[in-house]
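Below is one structure, written out as structure tokens; the observations come after it.
Any read-out appearing in this document is the output of simple, stated calculations on the displayed coordinates, not a laboratory observation. Model, not experiment: these values are computed from the prediction. Cβ sites come from the backbone with ideal geometry, for glycine too, and all protein chains shown count toward neighbours.
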């Protein structure tokens, strides 16, 4: 279940399009793209998806 207010913040981010700097778009979510952990978490999620897809291919 989504955190309270998440959907509204998400749609606000989408409405902004390219009009705002990425730091402004991420701030309402408590995210900081200058933090290496931000990227490490994202890359770990992608890695999990790749492993899952590779598993489907092997099946």
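Quick look at the values:
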{"item": "Subset tally (residues that are under 20 Å from residue 39 (Cα atoms) and over 13 Å from the mean Cα position of the chain (by Cα)) for region 1-19", "result": "0"}
{"item": "Residue within region 40-50 that is surrounded by 10 or more Cβ atoms within 10 Å (Cβ to Cβ), assigned to a helix (DSSP H, G or I) and in contact with a helix residue (DSSP H, G or I) (Cβ under 9 Å, 6 or more places away or on another chain) present", "result": "no"}
{"item": "Hits in region 27-37 - residues which are closer than 22 Å to residue 2 by Cα, in a helix (DSSP H, G or I) and out of contact with any helix residue (DSSP H, G or I) (no Cβ under 8 Å at 6 or more places or on another chain)", "result": "27, 37"}
